[in-house]
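See structure below.
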Amino acid sequence: MKPTQHSAVELGFDKSCVSRNAIKVVQGLQSSGFDGYLVGGCVRDLLMGRKPKDFDVTTNANPEQIKKIFDRARIIGRRFKIVHVTFGRGREREIIEVATYRAMPGSANKKGFRGAPKASSSGRILDDNVYGTIEVDAIRRDFTINALYYDPKRERVIDFVSGIEDAKTKTLRIIGDINTRFSEDPVRMMRVVRFQAKLGLRVSETIFSAIEKNAALLKDVPAARLFEEVLKLFHHCAAAKTWLRLRETLLLYYLFPQTVKCINQAGGDQFESLILSALNNTDERVGQNKPVIPAYLFAVMLWRPFQIECNKLVANGVRRNEAFWIASDLVFKRQSSSVTMPLRVKGPAHEIWAMQSLLENRIPRSIERLLENRRFRAAYDFLLLRQEIGEVSKDIADWWSEIQDRDVHHRQAMIETMLEQGRGNSNPKRRSKHAENKTTPKARNPTGKHNG
Ligand code: ATP
Ligand code: MG
């Protein structure tokens, strides 16, 4: 395979966007006699005029050799060993990921490498610790635009697969046979959708039909890996677009089966607009560098399935408090069979839901505690989403919008006014107690401290 070489300057690379630490790593490798290139997403981003968020380096040195070159280097990973080279501390800390060239499954032995990667019966690669050459490394990558090699010292870009042309025309092209590449690693199908949404790439019908054909292979991918990939899908700056693209494929069904069933049912449009609104908010927050939590995403995606289960139980005579716990456990459990929900996600997602009825009922003695709760912000944002689709009255949402910005005296006054106005002519204390007993799932943790 004959690569083409290009001048990074002519391609318009903005070197000021390249991490100095990444350059140090490349130089460290090269001065020890090895190859060293920036590769993958960072080169693609430089080529497309975007600022890379992290930097990957590739080399012909093996992990042990890489480790010897750098002071703060650590070998990580089992499926494929890579080396993390760390620079700086605290907020300044930066990790540069260094990987040895990969080998091709199957062909590796013939070409004299250290043996072929192990694969499952469906062709999924299980153990990848065999090393190849730069040419083989290039064709092992997923998309042509992700297979460019940049030597920042010589200012050269090496292209084995016409990735530069595809980046120019904003085309996502898969390297090699599409079905084989998807069965080797079904997560690549999710990556197609992610990059399509994030970079506005054109994706051919052939790729989409291959996704439809292979989507079920996601069932073979460990649920914990899918959790990480789901976060990548929805916690970058194009979550809403990603949702719309995913929605056109079967992938969504294998990631969030309960969600898909609900949006396809009567009234599903409303639930989908809640999801889209939430994802638009996420995009805004990510754009402003504000934190986003996985629990919120899962609380949104599973809200309607949870409501349906909860109402079913209540209709069968289970008390609402109990139904709340049973339904959320059930919905989380079902979700975790496709995409793992770690405890650190389940806990806060549960709290966001549990706080909904507390927010709606505005029980005077719980109000201060709710405002102090560290999940208040997420639960309040969730309440606003529900208000947008008509599940919660605007008065209540506005009331919470106002009270959180008030001092203690004003808060007290607002509570008094609410009691006088809204609670009709019955004794407000009796009514609020009644409301609490009947409709509020009690927090499992009465101290107000939460996990996650
Ligand atoms: P991002 O900007 O989101 O980090 P990225 O392309 O850098 O995008 P990474 O997951 O950091 O994504 O992967 C780095 C590179 O490793 C990719 O650009 C691609 O070359 C290769 N790669 C990652 N995942 C796969 C995969 N599943 N199959 C083949 N190659 C992959
Ligand atoms: Mg990357």
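List the helices (runs of 4 or more DSSP H) that sit entirely inside region 146-217 and contain at least 2 residues that are among the aliphatic types (A, V, I, L, M).
Numbers: elements: 163-168, 178-184, 187-199, 205-214.
The qualifying helices (runs of 4 or more DSSP H) are 163-168, 187-199, 205-214.
Just give me the residues in region 183-200 being among the hydrophobic types (A, V, I, L, M, F, W, C) and near ligand 1 (Cβ under 10 Å from one of its atoms), in sequence order. Write out each step before concluding.
Within region 183-200, the first condition is being among the hydrophobic types (A, V, I, L, M, F, W, C), and the residues that meet it are 187, 189-190, 192-193, 195, 197, 199.
VAL187, MET189, MET190, PHE195, LEU199, listed by residue number.
Does region 153-161 include one or more residues that are within 30 Å of ASP220 (Cα to Cα) and out of contact with any strand residue (DSSP E or B) (no Cβ under 7 Å at 6 or more places or on another chain)? Looking for residues that are within 30 Å of ASP220 (Cα to Cα) and out of contact with any strand residue (DSSP E or B) (no Cβ under 7 Å at 6 or more places or on another chain), one finds at least one in region 153-161, hence yes. Pairs are defined by a Cβ separation below 9 Å, a sequence spacing of at least 6 or placement on different chains, a first member in region 52-67 that is touching a residue at least 40 places away in the same chain (Cβ under 8 Å) and within 16 Å of ligand 2 (Cβ to nearest atom), and a second member that is in a loop (DSSP other than H, G, I, E, B) and aliphatic (A, V, I, L, M); the pairs so defined are PHE55/VAL18.
Of everything in region 277-292 that is polar (S, T, N, Q) and farther than 11 Å from HIS236 by Cβ, the residue that is surrounded by the most Cβ atoms within 10 Å (Cβ to Cβ) is ASN281. For region 304-340, name all the residues that are in contact (Cβ under 8 Å) with a residue 60 or more places away in the chain and in a helix (DSSP H, G or I). Within region 304-340, ARG320, ASN321, PHE324, TRP325, VAL331, ARG334, GLN335, SER336 qualify. Taking VAL161 as the residue in question, decide whether it is β-branched (Val, Ile, Thr), outside the structural domain of VAL43 (by TED's automatic domain parsing) and either within 16 Å of ligand 2 (Cβ to nearest atom) or modelled with pLDDT of 95 or more (or both). When the stated conditions are applied, VAL161 does not pass them. Per this entry, ARG78 is not counted among residues that are surrounded by fewer than 20 Cβ atoms within 10 Å (Cβ to Cβ), over 23 Å from the mean Cα position of the chain (by Cα), assigned by TED's automatic domain parsing to the domain that holds ASP159 and over 19 Å from LEU148 (Cβ atoms). Looking across region 33-45 at every residue that is surrounded by 20 or more Cβ atoms within 10 Å (Cβ to Cβ) and away from ligand 2 (no atom under 12 Å from the Cβ), the one that is farthest from THR169 (Cα to Cα) is identified as GLY36. Residue-level check: of (1) surrounded by fewer than 19 Cβ atoms within 10 Å (Cβ to Cβ); (2) out of contact with any Gly (no Cβ under 9 Å at 6 or more places or on another chain); (3) modelled with pLDDT under 95, ALA119 misses just (2).
When region 161-183 is filtered for residues that are in contact (Cβ under 8 Å) with a residue 40 or more places away in the chain and buried (at least 22 other Cβ atoms within 10 Å of the Cβ), the ones remaining, listed by number, are GLY163, ALA167.
Conditions tested, residue by residue: (1) touching a Gly at 6+ places or on another chain (Cβ under 6 Å); (2) more than 16 Å from ligand 1 (Cβ to nearest atom); (3) not in a loop (DSSP other than H, G, I, E, B).
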| residue | (1), (2), (3) |
| --- | --- |
| GLN5 | no, yes, yes |
| LYS24 | no, yes, yes |
| GLN27 | no, yes, yes |
| PHE34 | no, yes, no |
| LEU38 | no, no, yes |
| CYS42 | no, no, yes |
| LEU46 | no, no, yes |
| PRO52 | no, no, no |
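Filter region 81-91 for residues that are more than 23 Å from HIS236 (Cβ to Cβ) and either charged (D, E, K, R) or within 21 Å of the chain's Cα centre (by Cα) (or both); which is farthest from ligand 2 (Cβ to nearest atom)? Can you show your working first?
The initial filter retains those residues of region 81-91 that are more than 23 Å from HIS236 (Cβ to Cβ), namely 81, 83, 85-90.
Right, trim to either charged (D, E, K, R) or within 21 Å of the chain's Cα centre (by Cα) (or both) and you get 81, 89.
Numbers: LYS81: 18, ARG89: 22 Å.
Out of the qualifying residues, it is ARG89.
Scanning region 224-279 for residues that are assigned to a loop (DSSP other than H, G, I, E, B) and aliphatic (A, V, I, L, M) gives ALA238, LEU250, ALA266. For region 243-255, state whether one or more residues are closer than 28 Å to HIS6 by Cβ and charged (D, E, K, R). Checked region 243-255: no residue is closer than 28 Å to HIS6 by Cβ and charged (D, E, K, R).
The values are calculated or read from the model by the stated rules, or taken from the named source; none is laboratory data. In this text, all values refer to a predicted model and were calculated from it rather than measured experimentally. Every residue, glycine as well, gets a Cβ built from its backbone with ideal geometry; the counts of neighbours run over all protein chains shown.
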